[in-house]
Structure formats: structure tokens, C-alpha cells
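The values are calculated or read from the model by the stated rules, or taken from the named source; none is laboratory data. Note that the coordinates shown come from a computational prediction; the quantities given were computed from them, not determined experimentally. Here Cβ is always computed from backbone atoms with ideal geometry, including for glycine, and neighbour counts include all displayed protein chains.
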Amino acid sequence: MEFHPLVLDPVPVQLRDRFHDEPALQREGVFEHWQRCVALGVPVDGPNPEDVLERGSSLLDRTARLERLLLEGRGVLERVSAAAARNHYGFVVADPDGVVVHIGGGGDFEAVAKKARLLRGAHWSEAMRGTNAIGTVLAADRPVFVRGSAHFSRPYQDLVCYAAPVRDPQGRIVAVVDATSRFEREDMTMGCGIVAAAHALEEIVRVHAYRHAGASVSSLLTRSLERMDCPVALVEASGRLARVNRLARGMFDSRNIHGSLGTPFHEMFGFDFEQLRAFATSSETIELLTDHRVPDHRMRFELLGADGADLAVLVFFEPVTSSLFTIESRKSRDPFEDFFVEDSGVLRELEWARRIASTDLPVMLLAETGAGKELVAQGIHRASTRASGPFVALNSGSISASLLESELFGYAPAAFTGADKAGRQGHLAAANGGTLFLDEVAEMSLAMQASLLRFLETGEYFRVGESTLRFADVRVVCATCRDVEGLVASGAFRQDLYYRLKGARVTLPPLRERTDIVSLAHYLLADRARRRGTAVPRLSEDVASYFAQHAWPGNVRELESTIEIALLLAGDDPVIEARHLPPDVMRAARAEAVTTPSGFRGDGSLAEIECEVLRRTLATHDGNVSRVARELGVARSTVYRMMRKCANSDCTISDDQGRRFEGSSGP
């Protein structure tokens, strides 16, 4: 069972024709998968659209079999669907037969999706559609990315598809998640997001299996924990450590954390079962802050129960992908000194955050999305007198207004339709004695703002549907990327709440305004290579220059994902070149008129940049136009058009057939 994506690259027309002329002679790469299509008798021109669409009771039965996954994974599905829509991708969930049972996303791709029958009830198995991401996932039992003409059937050759399997604890595929769009919108980060969504849904499937395993829970847990890709421990209601997987055993041993099976968990990490249960019922991820710290991981909790009884808590130790600081030792006297920052503006803001951390003042962090607000909030927490307490984060913008109150304050048993019969502790209870981080606080409704203000003034609150007064000792750190003062002026944000929250303000500049972009990129490159256990490549001068001048609308988060994908695409190459950057970044590089000290010539006009990118890409691929088109994400005809255009810009280039395109004076 493979976990790394199988990437099927576009197939040039001449190779496609050669395959159909002599299919038995072509068996490597994508042709291995096309061979299955030939054996299945899949038509090259695709099926009749109506022949692959299932309706009525059969579709209802298929949907019902995945109903629990669709319901319990609703949060994951909604987030992925929203991201897909923003990027003009269709998003679907298919059953183990490749039949679509759930659709989302859309944007500009919605009309194309309907034409291709990427609809509920549509069959997308290889037997029906040939090589495609959903069908090939089921055939290859691994994530699959199918790019353009790697699709076997002609109607789908202008699409790009990313799909990943969702498996049950026994390793069987129970569903497939997929994102599809036009090939011109190819974006490897969307593929990475689909793989991450599949992993998140697998955890939901596993937890459900634990809850209903009954007498077989011991055997099921043993098999399932070993399949998880992070360290996991099982703590029973007695508070004792009941099971760990191989990754957890290795992590404990490497950090001299002593705890054999049967050891009270609070002796290892300082949390008893009631605290773990409170964290689990708040559905929260907290940073691990104990005497025996695991500095590069966070804890996440899942409560297991049966017949109304709480049986155990699964403790997941998830790697922290910190993009602003490296965590080597939390025993440092200065919790902020591990931040990777060389920019003087950021250093000034961190110095201010350090000074106010020891107080109980509320803090408002102002920064664009992806600039590192939560990391600063964590630093403030570690530097405060509450460092031994929990750090609990809540994103106010990712939860609907109707649910936000119950998430923050908790709710009484059966308080509303669909509520847990036992009720639920909210984020305030989970953060008691520690710090509550409210991200995107400006997205709160006015009614919710009033409820929050009452708590900030008294520390008292009611759970939803309950009349018992409760108290929580919590320091609030909030963050937003919005112009809060403008919202106050317009009446969209309460003035009294604003002045209560902004006890002290910390403002982080966007990445494009920082002077340490390249240094940060080098750090991230070394850090991610170390995590992978590979040699650290260096950045080429062109890539470093581009990084320094790119606008980085996604800030550090965008830089981090760019580095991750570049490492994946570079493989064993010792240098990260432009060709290793994600396709969307490549397109942005061609569209941004920048001047680099060792790269693009002249005044950095778009035409000159495009010519230089084309010339270098042709040189890299020895003039092979098909490979150049694939790397640049354009059609072959577009490459030839660019070559003729470059010739008019005094650039001499040629393709692998010896055809030369010359300007008046050569390069």
C-alpha cells in the first residue's frame, strides 16, 4: 500500500499514437495504466455520458453507505470544498466502486464538470472512463495525480485531477476524494490538500471504528494504531497508558520519556484522564506544554466510548510545521529566541510581545493571513505565568455564527438537534488556567461579540441551553487580518469589545515587506530536508532572487508550501531550480516583471522575462518542446508561439528538431 502520490505526466501526441498502434510494446510509466484500459475495452473517445450515470435507489443506497463519513467529516469536506471553489476546482467524494456520492467546489469549472459528468451518480472507475485519478486510485491503491493528456480517454485530456483513497482500519478503501479542474489551472498544492483531506477522513473512520468495536477493540486498536502516520497513545479511563504504536515508542525512547504500558499518563505528561476528556470533547488541538516536552509535536485528542460510557482517549502527537521558528529546546529562558527572524521590524514586534507576555493584558495580533499570528500567540503563552496551562486555539472565521457560541462556551446535554447527549465542554473550559487564542475575531457576529464581552468583564459564562453559571480563568489573545478600527467606525465591530481586546497590539509585517525572505527560505529548506532525512539542496540564484521579489500573497504559509513542493519535485537534485517550483508559482514568475542580479536581462519587461524563462527551460530539456510545454503548463503550440515572440526580442533558440528562431542580433 503506497502513501506517496503517483504522478502521471502528460503524454505527447506522437507517443500516444505509437501506443495505440502497438500497445503491447509500450508498458512503462503511464502506459502501464493504459494497458489495463485496453484490456478492459475502454473506448479512447470516452463512454456515452448517460451510460455512466447512476440514479434512483441505487445511488441512494451508495450514499447511505457513506452517510456517516459524510456527516462526521462534514467540517473537512466543507473546508476542502471552499478551497476548491476559490481555485475553480470541482471536488467530489466517490465510493469504493468509483461512483460519485458527494460534490462540491465549482467556481468557473462548474459548467465543465457538468459536461464531463463529474456529477453525483457518475461512474469514474477505470473500466468506465479509462485512466483518471479516481479510477486509478482504486486500481493502484495509492494517491494519484493525473495531468492533462495522461488521461486515457480523449474527452478528459484537458483536465487535471488529484485523488486520494480513504481507508478503514483494515486498510480497505472506503471512499476516494478528488479535485478536478482544467489543466491550465494545475496546482500541486491542491493535490497536497486532497491527500491531507483523505488522511483527516481516515482518522474519522478509525475513531468511529474504535467507538463501535466492542469486544474486539483490543485487536482492532493494535492493527489500526500501527497504520497511523504519527505517534499515537491510548489512555484508558483509569488514566493508565494502554497502548502505543511503533512511532510513539520510538519518540518516547529518543526523548527518555519513561512510561511502559500501565504507567499513569499524568506521570509522563502531566494530564489526567479528566483533563484529556475535557480536551477531547472540546475538539481542540493544544500545544504540548509539560515537564517532559515533545518540542516539535502537538497533542490532539479523540474520545472513545460505547453505550454512553467513556472508555479511552486517543492521544495523537502531531508534528508542528512551524514556519517562523525552530524548536530545539523549550527550556530556554527566552521563549521567543527560537523564532527564525532576521528582519528588524519583526524583531521589534517580538521584543514588544516579550515585554507584555508576563502581564495578563489581552493582546491583539494584527497581520495578514499566513504571517504567523498563532506562532506569536504561542510564544506569548510560553513566556507568560500561564505557560504550564493549556494553549487552546479557536478560529472564529471557520465556524458558522450559529455554532460558534456552543464551540466557545460549550452546551448542555441535548441542548439542540444533533447535540451530544452528554453535552460538551467548550473552548473556555479547555483553556482554563491557560491562554485562549481567538483567530479571525473580527468575523464574529455582533451577538457573539456581546457574549464574549460579558465573559471578558466577569470571567463568567453559561453553556448553551444551561442555567448553571460557570467560571474560567483565561487570558485571551486575539488576532485578525481585518481593519478593526474601520469596522468599529462602520458599526460592524463593537467599540467596547475592541478596547477590551486591544490591551496591547502586536503588528506583524507581511512577508513581502521583510528583509529576510531568502534567509527564511534557506532555513525552511534545511528544516524540511532534515525532516525528510535527505540532503539539503541549495537555492539557485534565480530562485533566490525571485523569492526576494515575489509578492507572497499567502505570506510565510505560501513560502512554506512552495519549499515543500520544490523539495518533492527536486528529488535528489542538489539545487532547487525554477523548474522545481510549483506550476502556479512558475506562472506567477513569468507574469511578474522583476529584475534579478544574475538572471533576467535588461529592464525586466514581461516579454524579456518570458523569453529568458523559455530559453532556459529549452536548454534544460535539450530543446524538447513537449517537455517544455509540460513544465510551463502550456500547449506545444503556445511554446512555438513564445519562441517566435522571443526571436523578435533578439533571442536565438532552437528546438530538438533543429528548427531555429532568430532575432536580429542574437542573444
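Among the residues examined, Phe279 does not qualify as over 27 Å from Glu202 (Cβ atoms), at pLDDT 55 or above and surrounded by 15 or more Cβ atoms within 10 Å (Cβ to Cβ). Restricting attention to segment 478-521, the residues that are farther than 30 Å from His550 by Cβ and touching a strand residue (DSSP E or B) at 6+ places or on another chain (Cβ under 6 Å) add up to 3.
Scanning segment 170-196 for residues that are at pLDDT 90 or above, assigned to a helix (DSSP H, G or I) and touching a helix residue (DSSP H, G or I) at 6+ places or on another chain (Cβ under 6 Å) returns a single hit, Phe183. Filtering segment 500-538 to residues that are within 27 Å of Leu569 (Cα to Cα), aliphatic (A, V, I, L, M) and assigned to a helix (DSSP H, G or I) leaves Leu511, Ile517, Val518, Leu520, Ala521, Leu524, Leu525, Ala526, Ala529. If you filter segment 167-183 down to residues that are among the hydrophobic types (A, V, I, L, M, F, W, C) and crowded, with 24+ Cβ neighbours inside 10 Å, you find that the one that is farthest from Val195 (Cα to Cα) is Ala175.
Select from segment 399-414 the residues that are among the polar types (S, T, N, Q) and either surrounded by fewer than 15 Cβ atoms within 10 Å (Cβ to Cβ) or touching a helix residue (DSSP H, G or I) at 6+ places or on another chain (Cβ under 6 Å) (or both) and list them in ascending order. Quick ask: steps written out before the conclusion?
Start the filter on segment 399-414 by keeping residues that are among the polar types (S, T, N, Q), which leaves 400, 402, 406.
If the condition is that a residue be among the polar types (S, T, N, Q) and either surrounded by fewer than 15 Cβ atoms within 10 Å (Cβ to Cβ) or touching a helix residue (DSSP H, G or I) at 6+ places or on another chain (Cβ under 6 Å) (or both), then Ser400, Ser402 are the ones that fit.
In this entry, Glu54 is excluded by the filter for residues that are surrounded by 12 or more Cβ atoms within 10 Å (Cβ to Cβ), within 28 Å of the chain's Cα centre (by Cα) and at pLDDT below 85.
Remark: pairs (first residue in segment 382-406, free of Cβ contacts under 8 Å to residues at least 60 places away in the same chain; second residue part of a loop (DSSP other than H, G, I, E, B) and hydroxyl-bearing (Ser, Thr, Tyr); Cβ separation under 8 Å; 6+ apart in sequence or on different chains) = Ala383/Ser358; Thr385/Ser358; Ala401/Ser445; Leu404/Ser445. If the condition is being surrounded by 18 or more Cβ atoms within 10 Å (Cβ to Cβ) and more than 12 Å from Ile563 (Cα to Cα), then segment 518-547 contributes Asp542, Ser545, Tyr546.
For segment 73-109, which residues satisfy the criterion of being in a loop (DSSP other than H, G, I, E, B) and not hydroxyl-bearing (Ser, Thr, Tyr)? First the steps, then the outcome.
Going through segment 73-109, the residues in a loop (DSSP other than H, G, I, E, B) turn out to be 73, 87-89, 95-98, 106.
Matches in segment 73-109: Gly73, Asn87, His88, Asp95, Pro96, Asp97, Gly98, Gly106.
Given the criteria out of contact with any Pro (no Cβ under 7 Å at 6 or more places or on another chain), at pLDDT 85 or above and more than 21 Å from Ala629 (Cβ to Cβ), does Glu577 qualify? Spell out how you get there, then give the answer.
Numbers: out of contact with any Pro (no Cβ under 7 Å at 6 or more places or on another chain): yes; at pLDDT 85 or above: yes; more than 21 Å from Ala629 (Cβ to Cβ): no.
When the stated conditions are applied, Glu577 does not pass them.
Selection within segment 420-439: residues that are part of a strand (DSSP E or B) and not acidic (Asp, Glu). The member of this set that is surrounded by the most Cβ atoms within 10 Å (Cβ to Cβ) is Phe437. Taking the stated definitions as given, is Gly135 within 19 Å of Arg62 (Cα to Cα) and surrounded by 24 or more Cβ atoms within 10 Å (Cβ to Cβ)? Considered against the rule, which asks whether it is within 19 Å of Arg62 (Cα to Cα) and surrounded by 24 or more Cβ atoms within 10 Å (Cβ to Cβ), Gly135 comes out as yes. Based on this model, can you work out whether Glu267 counts as surrounded by fewer than 17 Cβ atoms within 10 Å (Cβ to Cβ), modelled with pLDDT of 75 or more and part of a helix (DSSP H, G or I)? Here the answer is yes, as Glu267 does meet what is asked. Considering segment 80-118, the residues that are over 21 Å from Ala198 (Cα atoms) and touching a residue at least 24 places away in the same chain (Cβ under 8 Å) include one that is surrounded by the most Cβ atoms within 10 Å (Cβ to Cβ), namely Phe109.
Here is a yes/no grid of residues against (1) at pLDDT below 65; (2) outside the structural domain of Gly148 (by TED's automatic domain parsing); (3) not in a helix (DSSP H, G or I):
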{"position": "Ala619", "(1), (2), (3)": "no, yes, no"}
{"position": "Gly623", "(1), (2), (3)": "no, yes, yes"}
{"position": "Arg627", "(1), (2), (3)": "no, yes, no"}
{"position": "Arg630", "(1), (2), (3)": "no, yes, no"}
{"position": "Thr638", "(1), (2), (3)": "no, yes, no"}
{"position": "Met643", "(1), (2), (3)": "no, yes, no"}
{"position": "Asp650", "(1), (2), (3)": "yes, yes, yes"}
{"position": "Gly658", "(1), (2), (3)": "yes, yes, yes"}
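Of the residues Thr515, Thr417, Thr468, the single one that is surrounded by fewer than 17 Cβ atoms within 10 Å (Cβ to Cβ), touching a residue at least 60 places away in the same chain (Cβ under 8 Å) and of a type in the set (Ser, Thr, Tyr) is Thr515. Would you pick out the residues in segment 372-397 that are within 18 Å of Arg354 (Cα to Cα) and within 18 Å of the chain's Cα centre (by Cα)? Gly372, Lys373, Glu374, Leu375, listed by residue number. Among the residues that make up segment 586-595, is at least one of them modelled with pLDDT of 60 or more and in contact with a Leu (Cβ under 6 Å, 6 or more places away or on another chain)? No, segment 586-595 has no match at all. Just a yes or no: is a residue in segment 144-156 within 17 Å of Glu186 (Cβ to Cβ), in the same structural domain as His20 (by TED's automatic domain parsing), crowded, with 24+ Cβ neighbours inside 10 Å and free of Cβ contacts under 8 Å to residues at least 60 places away in the same chain? Yes, segment 144-156 has at least one match.
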